[in-house]
Amino acid sequence: MRYKVGMYGGSFDPLHLGHISDIIKAAAVCEELYVVISWCEGRESTSKEMRYRWILNSTRHLPNVKILMVEDKAVSKEEYNTDYYWEKGAADIKQAIGKPLDAVFCGSDYLGTNRFESLYCPESEVIYFDRAEVPISSTDIRTWASGHWDYIPAVCRGHYARKVLIVGGESTGKSTLVQNLALAYNTNFVAEVGRTVCEYAGGEELMIADDMYEILLRHKVAIMDAAARSNRLLFVDTDAITTLFYSHFLLAEPGQQRICGQLASAINEITSWDLVIYLEPDVAFVQDGTRSETIHQDREKYSIQIKQLLQAHNITYHEISGDYLQRFEKAKQLIEQHLGITTCF
């Protein structure tokens, strides 16, 4: 190795492929490379814990990379970019590493400023990486992550995937629409868990409280897992509040309804949607053996009840109607209008 101990620092808010490229190159020439995350509570768009795990899981194959977190108290980027905070930051970094630094790595945007030389030389050699090799910045991603998707490391993508929820009453084309949209945007989707659980139980009339709890929990975990593998967008069929609506039909015991309501509300509180599309019940009802005939007899009444539950839980939605093709086209229009993402067909 050319250097015994090296350091590469930044806020990494967020981590991007330019950072990864620099870390790989720096690690290749150091016996030990310290990646130092600068953080200040309330100033960053992502928590220090999130950034730590992103770097950790991007560099597990590099045993000579060690990650440190160093706090600063600057309330803004402008305040941090002063001699006081740079000098204090360098002193804190040296103290945290506790070893002589042979090399300090930084981007070429600092070349000619004498910033790093004044802080680390002559004890350390300052090595510059060409920022133009990977033309991206954290600011670009914070401004519009979807527009710079190719520069977001896989480990970070779950955080930036935009989640589109498709809701509505029974037999309104939710499952068809989420799959068609996933194909159109070359991404994945989360299917309704309730159908699988219902089939396993033998039908709606045989479902028990544990089935409703399972639906709520499995659906939430499925969303978390799928987001990490999504391409800009994740389409989701049905949410916790809609499941809560159906529990009113299936659970007769007040105590079970109360627990189901608490669980559904808690899951809703920790779930955010970037766009919610509500499908009106104006397509033909198809009985597949798992759907309620009670709901079938008055679809509009129960559709209104679902909307009222969504509104009570502060979920804003956009209604679409028409045949299956019209719904598909209207959904794409909403995605472009609200998320700025288009597709090729």
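The values are calculated or read from the model by the stated rules, or taken from the named source; none is laboratory data. Predicted model, so just to flag it, every value in this text is computed and none were measured. Every residue, glycine as well, gets a Cβ built from its backbone with ideal geometry; the counts of neighbours run over all protein chains shown. Side chains included, ligands, DNA and RNA excluded: accessible areas come from the protein's heavy atoms. Shrake-Rupley method; radii C 1.70, N 1.55, O 1.52, S 1.80 Å.
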Percent of C-alpha pairs per 5 Å bin, region 166-225, short to long: 4, 17, 22, 24, 21, 8, 4, 1
Round to the nearest 10 and give me the degree value, 0 to 90, for the angle of helix 299-312's Cα axis relative to the longest principal axis of the chain. 30 degrees
Around GLU125, which amide H atoms from residues at least 5 apart in sequence, or from another chain, sit under 5 Å from its own amide H, with H modelled in the peptide plane? ALA103, VAL104
Amide H to amide H, which residues 5 or more places from GLY168 or on other chains are under 5 Å from it, using H placed in the peptide plane? LEU279
Mean Cα-pair separation over length for region 187-345, i.e. relative contact order, pairs under 8 Å, 6 or more apart, %: 24 percent
Return a whole-number percent for the relative contact order of region 1-142, with Cα pairs under 8 Å and 6 or more residues apart as the contact set. 30 percent
About its Cα centre, what dipole magnitude does region 135-292 give when the only charges are +1 on Lys and Arg Cβ and -1 on Asp and Glu Cβ, stated in debye to the nearest 20? 660 debye
How much accessible area per residue does region 20-82 have, counting only protein heavy atoms and a probe of 1.4 Å, in square angstrom? 50 Å²
Nearest-10 value in Å² for the accessible area of MET50, using the 1.4 Å probe: 50 Å²
Report, to the nearest 10°, how far helix 17-27 tilts away from the longest principal axis of the Cα atoms in the chain, using its own Cα long axis and a range of 0 to 90°. 40 degrees
For MET69, which sequence-distant residues (separation of 5 or more, or a different chain) have an amide H within less than 5 Å of its own amide H, given hydrogens modelled in the peptide plane? ILE37
Taking the chain, how much of its Cα-Cα pair set, in percent, is spaced more than 24 angstrom apart? 63 percent
Solvent exposure ordering (accessible area, 1.4 Å, most first) of ARG131, ARG229: ARG229, ARG131
Considering the options MET207, LEU68, CYS106, tell which one lies farthest towards the positive end of the dipole of the chain, charges being +1 on Lys and Arg and -1 on Asp and Glu at the Cβ, about the Cα centre. CYS106
Relative contact order of the chain, please, whole-number percent, based on alpha carbon pairs below 8 angstrom and at least 6 residues apart. 16 percent
How much of the accessible area of the chain, in percent, comes from carbon and sulfur atoms when a 1.4 Å probe is used? 52 percent
Can you tell me the dipole magnitude for the chain around its Cα centre, using point charges on the Cβ only (Lys, Arg +1; Asp, Glu -1), in Debye to the nearest 20? 540 debye
With N residues in region 191-265, Rg(alpha-carbon) / (2.2 N^0.38 Å) equals 1.14
Can you give the helix-only mean residue ellipticity at 222 nm for the chain, where every DSSP H stretch with n ≥ 4 adds -39500 (n - 2.57) and the sum goes over all residues, rounded to the nearest 500 deg cm²/dmol? -13500 deg cm²/dmol
Debye equation applied to the C-alpha atoms of region 279-337, log10 I(q)/I(0) at 0.16, 0.18, 0.23, 0.26 Å⁻¹: -0.65, -0.79, -1.06, -1.11
Can you tell me the orientation of helix 254-269 relative to the chain, as the angle in degrees between its alpha-carbon axis and the longest Cα principal axis, to the nearest 10? 40 degrees
Ranked by accessible surface with a 1.4 Å probe, highest first, in what order do LYS332, LYS77 come? LYS77, LYS332
Can you give me the orientation-averaged projected area of the convex hull built on the Cα atoms of region 116-265, in nm²? 13.7 nm²
Once the convex hull of the alpha carbons of region 127-197 is built, what does its volume come to per residue, in cubic angstrom? 123 Å³
Kindly report, to the nearest 10 Å², the accessible surface of LYS4 as traced by a 1.4 Å probe over protein heavy atoms only. 120 Å²
What size of dipole, in debye to the nearest 20, comes out for region 1-152 about its Cα centre when the only charges are +1 on Lys and Arg C-beta atoms and -1 on Asp and Glu C-beta atoms? 420 debye
Roughly how many Å² of HIS318 are accessible to a 1.4 Å probe, to the nearest 10? 60 Å²
At 1.4 Å probe size, put ILE270, ILE20 in order of accessible surface, largest to smallest. ILE270, ILE20
Lysines within cross-link reach of LYS99: Cα-Cα under 26 Å, excluding same-chain residues under 8 positions apart? LYS4, LYS25, LYS48, LYS66, LYS73, LYS88
Scattering profile of region 47-92 at q = 0.27 Å⁻¹ [log10 I(q)/I(0), Debye over alpha-carbon scatterers]: -0.94
